[in-house]
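The values are calculated or read from the model by the stated rules, or taken from the named source; none is laboratory data. Every value quoted in this text rests on a predicted model; they were computed, and no experiment measured them. Note that we place each Cβ from the backbone using ideal geometry, even for glycine, and neighbour counts take in every protein chain shown. Accessible surface areas use protein heavy atoms only, side chains included; no ligands, DNA or RNA. Shrake-Rupley method; radii C 1.70, N 1.55, O 1.52, S 1.80 Å.
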Amino acid sequence: MRHVVFYTLGNTFFKLRLCNSPSQICTNHYQHQLFQNFKAFSILNTPVEKYPLKEIEFQYNNSIEYHHFSHLLQNCLDNGDVLSGSSIHTHLIKLNPNGFISIWNKLLNLYCKSKQIQRSLQLFEEMPQRDVVSFNTIISTSFRCNRGLFEGLKLFSKMKRENIGPNHITLSVLIGACSSTSMNLVTLVHGQAIRYGFNSDHFVGSALVDTYAKQMRLEEAICAFDEIVELDLVSWNIMIDSFVRNGCKEQALKIFSSLRNEGVEFDSFTLSSMTKTCSDSRDLNRGMEIHGCVIKAGLTSETPTSNALITMYSKCEEGMNSATKVFEGIQAPNIISWTAIIAGFMQNGQNEEAIRFYRRMLRAGMKENEFSFASILPAYSSLASLEQGMQVHARITKSRFESDISVGNALIDMYFKCGSLLDAKMVFETMANRDVVSWTVMITGFGQHGEGNEALEILKTMTSEGFKPDDVTFLGGLSACSHCGLVDEGLQIFRSMIDLYGIKPRREHLACVIDMLGRAGRLEEAEIFIEDMGLGSEAFVWEALLGACRIHGEMELGQRAAEKIMELEPKRNGPYMLLSNIYADRGLWEDKEKVRESFGLSGLKKKAGRSWVTF
């Protein structure tokens with residue numbers, strides 16, 4: 001009677017050998033300490049009889065048996081079974097098989113994929129042989145587990161010392177790891193790619209294009225792209241996305257045209273990248289052409305592409321009609337779809353619609369993420385709806401997204417705009433992590449509510465904790481000083497922005513300084529500031545000065561400022577209104593009527609003001 005012996009490793013059954021009798025299964029079972037945790041059973045011609053064994057005889061005299069190990073290890077890889085893989089590792093150590101490097105590589109890959117980094121490194125060092133696959137596995141794992149660029153480069157140096165040449169995978173991994181470091185390392189690895197003849201490989205070339213683009217070195221990126229012998233769609237997509245990320249719309253369009261001329265079929269990623277070239281109303285026609293490509297390619301059912309179209313129409317089209325139609329055409333909108341449509345309504349000032357879609361999203365059973373929370377909170381800020389904003393805050397707390405910086409910043413802004421300074425301060429103080437935006441929102445918020453000293457204290461604390469203020473931070477500080485009459489402090493902030501932080505003042509900073517001097521009644525200093533900064537041909541500075549003249553009843557300077565604005569920008573109605581109000585405050589009714597008549601003759605119309613009441 002013949003017996004078929006099977007072994008099980010985890011849930012894997014493996015046929016091993018044929019035996020003439022049950023006793024033969026156990027022969028010499030003390031000779032080899034192998035498969036201690038295996039079970040064996042026999043299948044007979046009669047009803048099945050099982051023979052559980054602790055140890056069995058196995059002959060390791062050819063490559064067939066090692067193929068069994070390879071098969072078992074592959075099953076461990078597929079199932080993530082580290083425990084069974086460790087058992088096989090034990091037997092491999094006892095057998096010490098030379099010439100079967102693929103088995104060791106599979107075992108190394110199993111440990112690496114299971115994030116057993118220390119066992120991976122130990123196995124790598126103890127392997128009887130290593131090849132390029134071994135090094136690729138351990139190098140990529142080193143980067144993936146954030147062991148640092150230096151450790152990966154050390155392994156690459158060890159690889160070269162052992163006279164093992166890199167392949168396209170080695171170099172692609174190294175280039176990708178260098179993308180956020182200095183250009184010297186990127187250039188060094190690029191040189192290695194040229195030395196080994198892999199610079200024309202599409203894997204290596206695409207990695208070089210992406211890395212150079214992230215470093216804003218587009219000329220080098222183009223050269224690397226041109227060196228690729230056989231361009232695939234991934235290479236084209238990376239080149240297009242590189243131009244888009246660096247704001248080079250026309251170059252991205254040229255690459256897209258070249259792709260189509262070469263007969264390469266684009267995919268949803270290509271078109272999603274192309275939609276990013278459309279960012280304002282001037283790009284609407286181009287965006288509609290891209291939408292046409294989506295329809296022709298049959299990609300309308302691709303949710304990522306539809307999400308990109310929603311964002312594009314939100315930016316380029318006045319109103320949200322097209323964006324809404326695209327959204328309604330998505331069969332199963334995901335959280336990105338909902339966030340895109342909500343953010344689109346916000347960008348177009350349709351706060352009520354944004355809230356309506358947010359509530360609709362909740363009714364559909366979709367759970368918010370940090371991006372959706374950060375998108376909807378400004379709607380309640382704009383409507384100054386404190387109660388509803390606090391309800392969203394409660395949902396954020398339940399969802400455990402309070403630790404997200406962007407969500408925290410949006411909450412602070414919402415509470416300030418709803419007038420709840422204590423709640424804004426509480427959110428700020430309980431944030432686990434902060435960024436420059438967090439500090440800026442606090443400074444701006446306190447300044448808008450007349451708490452100038454508090455705003456300056458926040459700015460002082462910000463710099464003492466090692467945060468570097470940006471131009472928006474300084475604008476918030478200047479605005480706070482302007483609203484609270486802290487002129488000397490504001491001038492000191494303005495000088496430190498230029499001298500200490502090397503930030504070139506924008507027109508908003510200059511207008512804020514003039515407004516600050518004007519509010520304090522230091523109108524002559526404001527006029528001198530305009531002359532010293534060479535701003536005489538800028539209408540916005542004269543408009544700020546004119547507003548200050550209205551506050552202090554300075555008629556002569558106000559008249560000069562108004563005439564200057566009318567000369568520079570004759571179609572603006574602001575100077576007419578301000579000047580007529582200055583005359584009215586002085587009781588000069590005839591002069592006021594003359595200004596009003598000039599305003600009427602110019603064909604300008606004053607826009608009606610608006611207000612709202614929340615019930």
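Computed values, structure above
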read-out	value
Dipole-positive endmost among L411, A455, A394 within segment 383-465 (Cβ charges, Cα centre)	A394
Ranked by how many other beta carbons lie within 10 Å on average, peptides 102-112, 515-525 from highest	102-112, 515-525
Theoretical gain in end-to-end length, W589 to D78 [0.36 nm per residue, Cα-Cα removed]	175.1 nm
Under 13 Å from the Cα of K564 - aspartates and glutamates, other chains or at least 8 residues apart	E527, E538, E543, E556
Cross-link table K249/K325; K398/K460; K214/K468; K425/K468, entries beyond 31 Å C-alpha to C-alpha	K398/K460
Cα gyration tensor shape for segment 324-404, rounded if a/c is under 1.5, else prolate or oblate	oblate
Note, ³J(HN,Hα) from phi for segment 179-196, Karplus 6.51, -1.76, 1.60, rounded to Hz, x at Gly and Pro	4, 9, 10, 5, 5, 4, 5, 4, 4, 4, 5, 4, x, 5, 4, 5, 4, 8
Within segment 352-381, trypsin sites (Lys or Arg not before Pro) in DSSP loop having at most 10 other beta-carbon neighbours inside 10 Å	K367
Kirkwood Rh in Å, taken over all unlike Cα pairs in segment 412-559	15.9 Å
For H449, solvent-accessible area (1.4 Å; no DNA, RNA or ligand), Å²	80 Å²
